[in-house]
Amino acid sequence: MKILGTGSVVPKKLVTNDMLSEFLDTSDEWITTRTGIGTRHVISDEHLEDMAAEAALKAIEMSGKKPGDFDLFICSNVVNEYVTPSLACVISEKIGLSCPCFDVNAACPGFMFTLDIAESYYKAGRVKTVLIVCADEPTRMCDWADRSTCVLFGDGAAAVVLGEGDNILATRLHSQPSVDKLWERRVLEPTPYITKTEVNTPLQMKGRDVFKFAVTASTTEVEALLESIGKTKDDVSYYIVHQANMRIIDAIKNYLGEPESKFPTNIADHGNSSSASCTILLDSCVRNGLFKEGDLIVFSAFGAGLLSGAAAIVW
Ligand code: ACO
C-alpha cells in the first residue's frame, strides 16, 4: 500500500515538569535527564473519540479520499471511555464511514500491527483503501501518585490513509510475552456468581526491564527487517522510533551506529502517547515536508506484552 494522508490531534492541556513537581516528589532536572520529556499534552475536557475523529478527517482530507471510498478501518487503542462498541465504531459514526472496522490492542507498537493487517488484506486483494487511527490516552491508566510512571505519558490521536501502491516494503511483528513487566487491571461489573477477589490496579511497570526489552527488540527487529528487504542502514533516510524515552532512542541510535539527524523526535514536548506516538511524529514530519520521494523510512516501536513491531516504507 501507499500512505496517501496523515493527520493528528493532541489535547490542549500542556503539563510541564514543574507542574508535576507541585504534587510529586520529582523535578524538572530528573525528568529531563532520565527521559528527555519537558512537557506533555494531557486530556482534560476532551474525549479521545473526538480527537481521533478529527485526526481521521485531517488524514482523509490530505488523501483526497471520501468516506465512501474506504474498504476497512482499523483503530489501535489500549483504553478509552467505551468498553463496547469498539473505538473504531464510535469514530466511524462520527466521520460517516460504513466499512468494516475493529480495534487492535497492541499497545505502543499498534501502528505497526495495524499497518501489517492492512497490508495483508491488500495483498489478499480484499481492500484498496484503508483508514488507520492510533488513539491512546495512557494518562488515564497511571496512578498519578506514582512518580515512576505518570511523568512519562501524554495523550493524542493520529491517522493514516493507505491506498493502492507498493511503498510498504516490509513489516515485522515480535512478541515476548511477559505480562508482569507492564500491566494494568480493572474490576469488571460484579455478577451474583463472582467469588474471586478483584482489585483495580493502575499501570505497573518494571522500567528497567522495559528499557532493556525496548533497546534489544528494536535494534534486533530493525536489522532483521532491513536484511529481509536487501537493504542496509546506509539506505535508511529516517527512523521513526516510539517516543517513550529519549535515553531509549539514544541507545537504539548508538547501537545501530546511526547519526542523530536520521532520528526525528517530538518526545520533549509530547511524552509517550502509546501507539499515537509514532503516528503523531509521522504526521508532523509529513506536514513539515521532511520526507523526499524515494526516502526509506523505518518505523520501530515496543511496549506492553511485551510486543514490538517494525516497518519499512519507501516515501
Ligand atoms: N522523579 C524523581 N525520582 C524518580 C522518579 C521521578 N519521576 N521516578 C523514579 N524515581 C526514582 C526511583 O524511585 C529510584 O529511586 P531509589 O534509587 O531511591 O529507589 C531512582 O529514581 C532510580 O529509579 P530507576 O527506575 O532505576 O530509574 P531509571 O534510570 O531506570 O529511569 C525510567 C526510570 C525513566 C522509568 C526508565 O526505566 C525507563 O524509561 N524505562 C522504560 C519505560 C518506558 O519506556 N515505558 C514505556 C514503554 S511501553 C509503553 O509505552 C506503554
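List of remarks:
- The GluC sites (Glu not before Pro) of the stretch 1-53 that DSSP puts in a loop, and whose beta carbon has at most 14 other beta carbons within 10 Å, are 22.
- The stretch 87-216: C-alpha gyration tensor shape, a/c 1.5 cut-off, then a/b vs b/c: prolate
- Computed on the stretch 2-166, with alpha-carbon pairs under 8 angstrom and 6+ residues apart, the relative contact order is 34 percent.
- Summing Cβ point charges (Lys, Arg +1; Asp, Glu -1) relative to the Cα centre of the stretch 2-166 gives a dipole of roughly 600 debye.
- Trypsin sites (Lys or Arg not before Pro) restricted to DSSP loop in the stretch 97-135 with at most 14 other C-beta within 10 Å: 126
- The alpha carbons of the stretch 225-280 give a radius of gyration and a Dmax of 12.0, 36 Å, in that order.
- Sparse-neighbourhood loop sites, trypsin sites (Lys or Arg not before Pro) in the stretch 212-315 - DSSP loop, at most 11 other Cβ within 10 angstrom: 292
- Close amide H pairs (under 5 Å, H built 1.01 Å from N) link residue 203 with 142, 143, residues at least 5 positions away or on another chain.
- Close amide-amide hydrogen proximity is noted between residue 104 and 75, 76, 77, each under 5 Å apart and 5 or more residues distant or on a separate chain (H modeled in the peptide plane; Pro and chain starts excluded).
- Here the dipole of the chain is about 500 debye; that uses its Cα centre as origin and unit charges on the Cβ of Lys and Arg (positive) and Asp and Glu (negative).
- Whole-number percent relative contact order across the chain, with pairs defined as alpha carbons under 8 Å at least 6 apart: 25
- The phi torsions of the stretch 171-186, fed into the Karplus equation with coefficients 6.51, -1.76 and 1.60 and a -60° offset, translate into couplings of 10, 9, 10, 9, 10, 9, x, 6, 4, 6, 7, 7, 7, 8, 10, 10 Hz, rounded to whole numbers, with Gly and Pro shown as x.
- Take the Cβ atoms of residue 237 and residue 123, set R0 to 25 Å, and the FRET efficiency comes out at 0.50.
- For the chain, 75, 89, 99, 101, 108, 134, 278, 285 have no disulfide-compatible partner, since no other Cys C-beta lies under 4.7 Å from theirs.
- For the stretch 72-84, the Karplus equation 6.51 cos²θ - 1.76 cosθ + 1.60, evaluated at θ = phi - 60°, returns couplings of 7, 9, 10, 10, 8, 7, 9, 8, 7, 5, 8, 7, 8 Hz by residue, with Gly and Pro reported as x.
- Computed over the chain, the P(r) tail beyond 32 angstrom holds 24 percent of alpha carbon pairs.
- Prolate/oblate/rounded label for the stretch 2-166 (Cα gyration tensor, a/c 1.5): prolate
- Amide H partners (placed H, <5 Å) of residue 167, local residues excluded: 2
- Each of 84, 182, 197 was placed along the dipole of the chain (beta-carbon charges, centred on the mean Cα), and the one lying farthest toward the positive end is 182.
- Backbone HN-Hα couplings from phi across the stretch 98-106 [Karplus 6.51/-1.76/1.60, Hz, Gly and Pro as x]: 10, 7, x, 8, 7, 9, 10, 9, 10
- For residue 16 and residue 2, the difference between the fully extended length at 0.36 nm per residue and the C-alpha to C-alpha distance is 1.3 nm.
- Its residue count N fixes a reference of 2.2 N^0.38 Å for the stretch 248-315, and the Cα radius of gyration divided by that reference is 1.13.
- At full extension, residue 188 and residue 145 could sit 13.2 nm farther apart than now, given 0.36 nm per residue minus the alpha carbon distance.
- For residue 212, the lysines whose Cα comes closer than 23 Å to its Cα, not counting residues fewer than 8 places off in the same chain, are 181, 233, 253, 262.
Read the figures in this text as sums done on the coordinates, not as results from a lab. These figures come from a predicted structure and were not determined experimentally. No Cβ is skipped: glycine too gets one built from the backbone with ideal geometry, and neighbour counts run over all protein chains shown.
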